[in-house]
Amino acid sequence: MGFEVIGTGHFVPGEPVTNAALARVMDTSDDWIFQRSGIRQRHFAGEGQGASDLAFEAAKRALEMAKLQPKDLDYILFATMTPDYVFPGSAAVLAAKLGLEGTPALDIRQQCAAMIFALQLVDGLIKGGAAKTILFVGAEAHAGFMPWEDWDIVEGKREGEPSPEARARANEHRALAVLFGDGAGAMIFRATDRDAGLVAAKVHTDGRYAETLYVPGGGFRTRPYWKATHFDEQAHIPRMDGRELFKFAVTKLPQTARKLCEETQTPIESIDWFLAHQANARINKYVREHLGVPPEKMPMNIDRFGNTSAGTLPILIDECTRDGKLQKGELNMMLALGAGIHWGCALVRW
Ligand SMILES: CC(C)(COP(=O)(O)OP(=O)(O)OC[C@H]1O[C@@H](n2cnc3c(N)ncnc32)[C@H](O)[C@@H]1OP(=O)(O)O)[C@@H](O)C(=O)NCCC(=O)NCCS
């Protein structure tokens, strides 16, 4: 018993925000951002728009493709690092928005690597008989941790300059802020007797590196967990050691991919598509070249969306499904690494 993907969908909020728009509130430029990351634009969730709202739109599109109703789902997996509430997780909120009462909805928190962990969960739930039709959604509303105050200037609703203090505060986080964007991707998996589903996966976690990308404020190790001083310290904004993460990604991802291929005796040339998380186009180029994969086998969309964390892989997969790239029977590899640090690769027969 394996699984097949019977529906995909994605949703991004609002109008695209270009690199030039970010340069209105921080000292940055289209050249710097594009050369270092491959990003040209991203989208941001509006005030009051949570990850569950983006997820709901993506899920509706996936259900439509699968020709299913929400009641046909018997399990929901929701991945986000930017939930609507500290708790409960957004899986419950999404299930309610879908009109479900009682369908299990599990939150997973593996950030950008969520999809790889989710594939193992989908495989286990289906093989264990707990579910036949599973919705996986990855969605992020990173807008809430962006370091500028003047959204109306960023969004072009008002001319003018931020105050020098506001610009200086935003500049402290500019390396992080230019990378992330908001959006949601959804996939519906169904049990099948066809030779399809998870061939093998290798997933890893190294929590010694948890502070290479983490949010210092709002955690339950302080009393209270949110202090008035946190805002002054900008403790709601993630701290990122970009260089360390870059090094980790370009070392661990090719290593893990090679091991997975060795263990499953899969020649790299026999893999049809390399579906990689989009954190930085330079990371993916390095991984691809290291594995000897031609560019046409690794679809990229970071230029249009930035890094949408848990949303990235399902958004990419939806695009590649709708434009006819992904076909039944193909062997695809997924690769991702995210805060934790969690990382992994999976081979999936489509
Ligand atoms: C973040 C990242 C793009 C930064 O690139 P980098 O080449 O390491 O750049 P550095 O941080 O060394 O900064 C180089 C210079 O650019 C400046 N800079 C940083 N952000 C900038 C921005 N947005 N615009 C313009 N200049 C910027 C720095 O201040 C520094 O200036 P200095 O040399 O005068 O001190 C890169 O490290 C990266 O992508 N890392 C991986 C991050 C990641 O994948 N995160 C998600 C994991 S899921």
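The values are calculated or read from the model by the stated rules, or taken from the named source; none is laboratory data. What you see is a predicted model, and the numbers here were worked out from it, not measured in a lab. Virtual Cβ from ideal backbone geometry, glycine too; neighbours counted across all protein chains shown. Side chains are part of the model used for accessible areas, which takes the heavy atoms of the whole protein and leaves out ligands, DNA and RNA. Shrake-Rupley method; radii C 1.70, N 1.55, O 1.52, S 1.80 Å.
Is it true that some residue in region 48-66 is more than 15 Å from the chain's Cα centre (by Cα), among the acidic types (Asp, Glu) and part of a loop (DSSP other than H, G, I, E, B)?
No: region 48-66 contains no residue that is more than 15 Å from the chain's Cα centre (by Cα), among the acidic types (Asp, Glu) and part of a loop (DSSP other than H, G, I, E, B).
Are there any pairs with C-beta distances below 7 angstrom linking a residue in region 132-154 that is assigned by TED's automatic domain parsing to the domain that holds PHE56 and of a type in the set (D, E, K, R) to a residue that is at pLDDT below 95 and open to solvent by 10 Å² or more (accessible area, probe 1.4 Å), with the two at least 6 apart or on different chains, and if so which?
ASP152/ARG158
Do you know which of the residues in region 308-325 that are open to solvent by 10 Å² or more (accessible area, probe 1.4 Å) and touching a residue at least 60 places away in the same chain (Cβ under 8 Å) is farthest from the ligand (Cβ to nearest atom)?
So the residue we want is ARG322.
Filter region 274-295 down to residues that are out of contact with any Gly (no Cβ under 8 Å at 6 or more places or on another chain) and open to solvent by 40 Å² or more (accessible area, probe 1.4 Å), then give me how many there are.
Qualifying residue count, region 274-295: 7.
What are the pairs, 6+ residues apart or on separate chains, where a residue within region 166-180 that is in a helix (DSSP H, G or I) has its Cβ under 6 Å from a residue that is within 8 Å of the ligand (Cβ to nearest atom) and small (Gly, Ala, Ser)?
The qualifying pairs are ALA175/GLY242.
Pick out the one residue from ARG239, ARG174 that is surrounded by fewer than 16 Cβ atoms within 10 Å (Cβ to Cβ) and within 16 Å of the ligand (Cβ to nearest atom).
ARG239
Kindly indicate the residue of region 12-59 that is among the aliphatic types (A, V, I, L, M) and without any contact (Cβ under 8 Å) to a residue 12 or more places away in the chain and also farthest from LYS285 (Cα to Cα) among those meeting that condition.
Selected residue: ALA23.
Criterion first (within 16 Å of the ligand (Cβ to nearest atom), modelled with pLDDT of 95 or more and in contact with a strand residue (DSSP E or B) (Cβ under 7 Å, 6 or more places away or on another chain)) does ALA257 satisfy it?
No: the conditions fail for ALA257.
From (1) within 26 Å of ALA276 (Cβ to Cβ); (2) under 18 Å from the mean Cα position of the chain (by Cα), pick out the condition that doesn't hold for ASP84.
With respect to (1) within 26 Å of ALA276 (Cβ to Cβ); (2) under 18 Å from the mean Cα position of the chain (by Cα), ASP84 is out only on (1).
Is it fair to say ALA114 is open to solvent by less than 40 Å² (accessible area, probe 1.4 Å), away from the ligand (no atom under 14 Å from the Cβ) and under 18 Å from PHE189 (Cβ atoms)?
Here the answer is no, as ALA114 does not meet what is asked.
How many residues are assigned to a helix (DSSP H, G or I) and closer than 25 Å to LYS71 by Cβ if we restrict to region 104-113?
Number of matching residues: 0.
Find the helices (runs of 4 or more DSSP H) located wholly in region 224-298 whose residues include 3 or more that are within 21 Å of ARG208 (Cβ to Cβ) and in contact (Cβ under 8 Å) with a residue 40 or more places away in the chain, and list them.
Output list reads 242-263.
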